[in-house]
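Let me begin by presenting the structure, written as structure tokens, before commenting on it.
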Amino acid sequence: MTHPSRSGGQILVDALQVHGVDTAFGVPGESYLDVLDALHESSIRFVINRQEGGAAFMAEAYGKLTGKPGICFVTRGPGATNASIGVHTAYQDSTPMILFIGQVGGDFMDREAFQEVDYRRMYGQMAKWVAQIDRAERVPEYIARAFQIATSGRPGPVVLALPEDMLVTQAAVADTRAHQPVQASPSAAQIEQLRTMLAGAKKPLVLLGGNTWNAQACADLVTFAEANALPVACAFRFQDLLDNDHPHYVGDVGIGINPKLAARVKEADVLIAIGPRLGEMTTSGYSLLTSPVPQQRLVHIHPDPEELGSVYQAELMIAGGAAPTCAMLAAMAPVDASAWRHTVAEAKAELRAWQEKPPIFKDGSAPLDLWQVVQDLQAALPRDTIITNGAGNYATWAHRFWRYGAMRTQLAPTSGAMGYAVPSAVGAKIVAPERTVVAFAGDGEFMMTGQELATAVQYGAGVILIVFNNGMFGTIRMHQERTYPGRVSGTQLRNPDFAALARAYGGEGEVVDATADFAPALARAVAFTSTQKLPFVIELRYDGNLITPGATLETIRKNAEAAKAK
Ligand SMILES: Cc1ncc(C[n+]2csc(CCOP(=O)(O)OP(=O)(O)O)c2C)c(N)n1
Ligand SMILES: [Mg+2]
């Protein structure tokens, strides 16, 4: 069979369409002009970003939101280095993503030519696979493999370098089939073993995480949890795998964990972890479960067999994706749960108490009550609102007090990358314009990638961006006060007027510094973003001393000084 001759760039864009790509993010470069040209005629929407960090974060958020690989195009050297934060995030978060990098042509390669980098070395540790496509006729093969790897087993990022001369070479080659994401399934014997362990339990607990979930898997999980009266917690930044209003949802196992939930994890006799890596943040620095042999009878179910046993020697290790696993768990004959049935309501009551207004706001002396801000958001916004955040203490107000709806309503980096909040929100709104999207961003956070406000305006993304302006890199200041009390260094910020900045970009903005003013400002933000389809910034100005729901900087400093004086 003969095939029409196409350029490498055209073959690549055609291949993307074979694999179902509808949207790509990126910043252009002269290194991949032929791809840009092929995109001109394609059905793929190419979202132009203002910085590759923003583009890579948007692609990563696309991967989290849709379960399909987020596609990102950047130029060589400087573009590729800027994009690395998104690739690292996709790796740590197990998010399907493919980063394409324009590369120096084969005629100049290996001379450290202009902007030349060997991406196989640069990205070696933070991508599932890195390759360079040197021949145009092999583009379909490489693209098919990239999609296969990004979406199968433990999902993750793939990086492909595209030498400039390859992109303009003509080749007569056939397209491939669409990829087929592959997930392992537990065996019937393993499910039986899990059932036997559960039947012998007194204090079982389920912990969800990872990125192989879909709506059916979540529904099956609910069937399993209800049939066996199991309390269900979610791993760090996977809080939306079970609707937080569901009676069996008992909280998140991450930074700033409810101490009562931490005790439940520690004291669980059978812990069934479905999907999470059981990483540092989820295990409170490997303390909730002892390593290598956990004190709990651990059932660890993870899509990647190589993850199993890498930190924790579970009693039962099962290689399985969330969907096939939960389908089998839903069909499993329920066990007698009378020994622990009561723990569901008890743990739920502990979560409710943990989510009540913290003492810090109870006397009403704080002009801006951040707990009330979250209550106002919850009251005004739909259940399926997407909440995004990056890294910083401000994220606590979302993680602890917002009740996430079902998946996917949380976009947040387990990698702890600052700068994620704005681009992930903008990317999500571009992909799902019917959803309400709200970013929680610190002042430090916002300034890392806030230029993607321009992308929001350009693509009509009506996102609501809440900037928690405490005039500092608060998290670092908090650690500083704990270890070097009173010695403030490198953490103070002098900020722009965020509301005015939003207006300069073509959006709208308001400053709120009193509790009663938040709800009306939010109502205006909702009306503006839905009718104008433009972003709205609400800058929250508050006393920086208010660093966490449980402690002020002042108390942290005093405690540290007292400890030093001893
Ligand atoms: C890209 C990146 N740079 C630096 C850090 C280290 N870091 C973690 S939180 C934080 C401060 C966050 O400041 P802000 O967004 O203002 O939030 P706040 O803690 O003040 O609420 C820093 C610098 C990081 N996690 N990611
Ligand atoms: Mg701050």
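Here are a few things to note about the model shown:
- Taking one quarter of the surface of the convex hull spanned by the alpha-carbon atoms of segment 453-500 gives a direction-averaged projected area of 4.4 nm².
- Contact order normalised by residue count of segment 63-219, Cα under 8 Å, 6+ apart, percent: 26 percent
- Vicinal HN-Hα couplings computed from phi for segment 27-37 (Karplus, 6.51 cos²θ - 1.76 cosθ + 1.60; Hz; Gly/Pro x): 10, x, x, 5, 6, 9, 4, 5, 5, 4, 5
- Using only the C-alpha atoms, the convex hull of segment 317-383 corresponds to 196 Å³ per residue.
- With 5 Å bins from 0: P(r) over segment 80-185, alpha-carbon pairs, percent: 2, 13, 21, 22, 19, 14, 7, 2, 0, 0
- Computed helical MRE - 222 nm, the chain, DSSP H runs ≥ 4 contributing -39500 (n - 2.57), nearest 500: -11500 deg cm²/dmol
- The 1.4 Å probe gives accessible areas that order His300, His342, largest first, as His342, His300.
- Average Cα contact separation per residue, segment 363-506, under 8 Å, 6 or more apart, as relative contact order %: 21 percent
- Using Cβ point charges alone (K and R +1, D and E -1), the dipole size of the chain about the Cα centre works out to roughly 1360 debye.
- Each of Arg135 and Gln492 was given a label point 7 Å from its Cα along the Cα-to-Cβ line. The distance between the two points is 6.3 nm.
- The phi torsions of segment 85-96, fed into the Karplus equation with coefficients 6.51, -1.76 and 1.60 and a -60° offset, translate into couplings of 4, x, 5, 4, 5, 4, 5, 5, 8, 6, 9, x Hz, rounded to whole numbers, with Gly and Pro shown as x.
- Overall Cα dimensions of segment 1-129 - principal axes, largest extent first, Å: 43, 39, 30
- Segment 451-566: C-alpha pair distances exceeding 16 Å, %: 65 percent
- Taking all protein chains into account, the per residue accessible area for the chain stands at 38 Å² (1.4 Å probe).
- Among beta bridges identified by DSSP and lying wholly in the chain, the antiparallel ones come to about 5 percent.
- All Cα-Cα separations within segment 368-464 were binned at 10 Å from zero, giving a P(r) of 17, 51, 31, 1, each value a whole percent of the pairs.
- Residues whose amide H lies under 5 Å from that of Leu493, counting only those 5 or more places away or on a different chain, are Met472, Phe473; hydrogens are built 1.01 Å from N in the peptide plane.
- Residues whose placed amide H lies under 5 Å from that of Lys203, excluding near-sequence neighbours: Asp269, Val270
- Space enclosed by the convex hull of the alpha-carbon atoms of segment 308-347, per residue, Å³: 133 Å³
- Apolar share of the accessible surface for the chain: 53 percent from carbon plus sulfur atoms, 1.4 Å probe.
The values are calculated or read from the model by the stated rules, or taken from the named source; none is laboratory data. None of these values were measured; they are calculated from a predicted model. Cβ sites come from the backbone with ideal geometry, for glycine too, and all protein chains shown count toward neighbours. What goes into the accessible areas is simple: the full protein's heavy atoms, side chains included, and nothing from ligands, DNA or RNA. Shrake-Rupley method; radii C 1.70, N 1.55, O 1.52, S 1.80 Å.
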